[in-house]
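Asker: Let me give you the structure first, and then I'll get to my questions.
The values are calculated or read from the model by the stated rules, or taken from the named source; none is laboratory data. No experiment lies behind these values; they were computed from the predicted model shown. Don't worry about glycine lacking a Cβ; one is built from the backbone with ideal geometry, like all the others, and counts go over all protein chains shown. Surface accessibility is based on the protein's heavy atoms, side chains included, excluding ligands, DNA and RNA. Shrake-Rupley method; radii C 1.70, N 1.55, O 1.52, S 1.80 Å.
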Amino acid sequence: MHISTRFLAAASIAAMSLFAGSAMADGEKYVIGTDSTYPPFEYVDASGQFLGFDMDIARALCAQMKADCTIVSSDWDGIIPGLNAKKFDMIISSMSITPERSKLVDFTNKYYNTPPAVAVPKDSTVTDVAGLKGKTIGAQTSTTHANYAEKHLADTELKLYPTADEYKLDISSGRVDAVIDDVVVLSQWVKSDAGACCKILTTLPVDKEINGVGAGIAVRQGDPLREKLNTAIAAIRADGTYKKIQDKYFDFDVYGAE
């Protein structure tokens, strides 16, 4: 990613992007919260526009619901508290549906599902997961990937970062030996100039207790918006809109098995 952490920090405070899709003037109005530091799912360009797979899905869902939607950026650690404090009406931010989070929010059905993976420097001598023993591995704090590393990579030293950008900088600079995240995020990154330092070591088996059953949209508990969103997700899947968005970013089925 080519956007500076400083710019994104400013964006998280000040940036706001309006989109209505095919919204009707008298439609419902919603505010969507996202952590805009997670390409290719959500990020901010130099002009302050919110881009990425999740953002295109958000626009498509709002158009399907004929809703007037606004998107705002939030730090990941504060995103669920922000939802429950009514700073926004939903979270569309690659949030895995997990039992722990389901105690705090309600989730829609999944809108994509991909496994975790580990990336290492191209010159790393590590050839498999066993070779990570005693190594330092980076992850974004308060994520399923950090939880996964704590449980399944317990013989590594886990270093946590507020954003994915920061762990990427540290592995590029040799301050950590490996990083863990979604396979799509890491695959896109290692193909970019910014990720030229590194390669995918392996994907990891999904732990449903930690990784959940895919990424869903979070709403406040008991909010009927959940069912409106489920209907909209099914509609964009059925009419080809989802596939059109998917094909813009990926050359494989990001939705996963039904």
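Asker: Which one of ASP45, ASP239, ASP177 has the biggest mean-square fluctuation once the chain is modelled by GNM with Cα springs under 10 Å?
Answerer: Maximum among the listed residues: ASP239.
Asker: Mind sorting out which of [x] 0.93; [y] 0.96; [z] 1.13 is the real Rg/Rh (Cα atoms, Kirkwood Rh) computed from the coordinates?
Answerer: [y]
Asker: Of the candidates SER187, SER93, SER74, which one comes out as most mobile in a Gaussian network treatment of the chain with C-alpha springs shorter than 10 Å?
Answerer: Among SER187, SER93, SER74, the largest GNM mean-square fluctuation belongs to SER187.
Asker: Determine the distance separating the Cα centre of region 29-55 from the Cα centre of region 211-234; give it in Å without decimals.
Answerer: One Cα centre to the other: 18 Å.
Asker: On the protein heavy atoms, probe 1.4 angstrom, tell me the percent of accessible surface of the chain carried by carbon and sulfur.
Answerer: The computed percentage sits at 52.
Asker: Can you give the relative contact order of the chain as a percent, counting alpha carbon pairs under 8 Å and 6+ residues apart?
Answerer: Value for the chain: 25 percent.
Asker: Still on this model: With every atom except the alpha carbons ignored, what do you get for Rg and Dmax of region 44-134, in angstroms?
Answerer: When restricted to Cα atoms, region 44-134 yields Rg and Dmax of 17.5, 53 Å.
Asker: How charged is the neighbourhood of PRO99? Take every other residue with its Cβ under 10 Å from the Cβ of PRO99, and add Lys/Arg as +1 and Asp/Glu as -1.
Answerer: Once all neighbours under 10 Å are counted, the net charge is +1.
Asker: Mind telling me which of MET90, MET55, MET65 comes out most flexible in a GNM of the chain, alpha-carbon contacts under 10 Å?
Answerer: MET65
Asker: Can I ask one more? Give the distance, in whole Å, between the Cα centre of region 143-209 and the Cα centre of region 97-113.
Answerer: One Cα centre to the other: 22 Å.
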